[in-house]
1. Exactly one condition in (1) without any contact (Cβ under 8 Å) to a residue 12 or more places away in the chain; (2) within 14 Å of Arg97 (Cβ to Cβ); (3) of a type in the set (D, E, K, R) is not met by Glu20; state its number.
2. In region 144-151, is there at least one residue being assigned to a helix (DSSP H, G or I) and either modelled with pLDDT of 95 or more or among the β-branched types (Val, Ile, Thr) (or both)?
3. Is there a residue in region 26-33 that is buried (at least 18 other Cβ atoms within 10 Å of the Cβ), free of Cβ contacts under 8 Å to residues at least 60 places away in the same chain, closer than 24 Å to Pro117 by Cβ and under 17 Å from the mean Cα position of the chain (by Cα)?
4. Name every residue in region 45-69 that is crowded, with 17+ Cβ neighbours inside 10 Å and within 17 Å of Ala194 (Cβ to Cβ), in order of residue number.
5. Tell me, yes or no, whether region 84-100 has at least one residue that is of a type outside the set (D, E, K, R), closer than 17 Å to Ala149 by Cβ, buried (at least 16 other Cβ atoms within 10 Å of the Cβ) and over 13 Å from the mean Cα position of the chain (by Cα).
6. What number goes with the only condition from (1) within 19 Å of the chain's Cα centre (by Cα); (2) crowded, with 17+ Cβ neighbours inside 10 Å; (3) in contact (Cβ under 8 Å) with a residue 60 or more places away in the chain that Leu231 does not pass?
7. Among the residues of region 2-20, is any hydroxyl-bearing (Ser, Thr, Tyr) and either surrounded by fewer than 22 Cβ atoms within 10 Å (Cβ to Cβ) or touching a Cys at 6+ places or on another chain (Cβ under 7 Å) (or both)?
8. Are any residues in region 48-81 more than 30 Å from Leu145 (Cα to Cα), of a type in the set (A, V, I, L, M) and touching a helix residue (DSSP H, G or I) at 6+ places or on another chain (Cβ under 9 Å), and if so, which ones?
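The values are calculated or read from the model by the stated rules, or taken from the named source; none is laboratory data. Only a predicted model underlies this, so the values are computations on that prediction, with no experimental measurement involved. FYI the Cβ positions are ideal-geometry reconstructions off the backbone, even for glycines, and counts take in every protein chain you see.
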Amino acid sequence: MADDLLVIIPTRGRPQAVPELVAAWDETGATADLLFAVDTDDPELAAYKKHAAALKGDGRFRFTFGKRRRLVGTLNAQAVKAAKSYRFLAFLGDDHRPRPADRPWDERFRECLSGGPGIVYGNDLLQGEKMATAVAMTSDIVQTLGFMAPPAMEHLCVDLVWVEWGRGMQRITYLHDVVIEHLHPANGKADSDAGYEEVNSGEQVAKDSAAYYDYRDNGGLDADLEKLRKLVEEH
């Protein structure tokens, strides 16, 4: 089914990412549905709405406009809703770009997830296997936990959590040859902007790091892994 995978992209301040991602879908032969989740207070809201109007006739691409919840909040709100109708759910940042390969990247993702509960991620050419910066998972994971990323975090460190979930379930695949390039200032592939400055600030790093370590070390991760292992056993 071409509509069994939804890719959710929370985006802010980067309307130029929309045509670039649409081009990436075309260049890679991707058939996954793509949802751009835009804040209604975005300074670039008019530009996003213009893109939404231009893409209205293409069923692959959709937009949702809502109050600002930060990346994790927006992702969770859309993932919980979509888990009812999609078999697989994925997250890409608005600075990720899937790259062409012998087979479409989303086809590879579906293949890896078709055997039951699990997580898959590709090579972002920045963090590689260490972090699942662009990830897909079976929707029953979201339904089981009630979220796609721990709500205590706002933006950072969730890519570490996804790897820990997958390894804890013993149901994770890293596809080195599936490139979903991360165009980030850290690797010189993007200029800094207001979004990067906000999420990479000392305050944000401290806040999300503290939330991550609390989740990892004080029972949150263990409780979620217990639910996920039970999900695997029941499959």
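1. Only one criterion in (1) without any contact (Cβ under 8 Å) to a residue 12 or more places away in the chain; (2) within 14 Å of Arg97 (Cβ to Cβ); (3) of a type in the set (D, E, K, R) is unmet by Glu20, namely (1).
2. So in region 144-151, the residues assigned to a helix (DSSP H, G or I) come out as 144-145.
From the residues that got through so far, the ones that are either modelled with pLDDT of 95 or more or among the β-branched types (Val, Ile, Thr) (or both) too are 144-145.
Yes, that holds for at least one residue.
3. Of all residues in region 26-33, those buried (at least 18 other Cβ atoms within 10 Å of the Cβ) come to 28, 30, 32-33.
Subsequent filtering for residues that are free of Cβ contacts under 8 Å to residues at least 60 places away in the same chain retains 33.
From the residues that got through so far, the ones that are closer than 24 Å to Pro117 by Cβ too are 33.
Then keep just the ones that are under 17 Å from the mean Cα position of the chain (by Cα); that gives 33.
Yes - at least one qualifying residue is present in region 26-33.
4. Result: Tyr48, single match.
5. Step one: filter region 84-100 for residues of a type outside the set (D, E, K, R), giving 85-86, 88-93, 96, 98, 100.
Right, trim to closer than 17 Å to Ala149 by Cβ and you get 86, 88-93, 96.
Checking the rest, the ones that are also buried (at least 16 other Cβ atoms within 10 Å of the Cβ) come to 86, 88-93, 96.
Now restrict to residues that are over 13 Å from the mean Cα position of the chain (by Cα): 86.
The answer is yes, given that some residue of region 84-100 is of a type outside the set (D, E, K, R), closer than 17 Å to Ala149 by Cβ, buried (at least 16 other Cβ atoms within 10 Å of the Cβ) and over 13 Å from the mean Cα position of the chain (by Cα).
6. (1)
7. no
8. Keep residues of region 48-81 that are more than 30 Å from Leu145 (Cα to Cα), which gives 48-58.
With of a type in the set (A, V, I, L, M) added as a condition, the list becomes 52-55.
Scanning region 48-81 gives Ala52, Ala54, Leu55.
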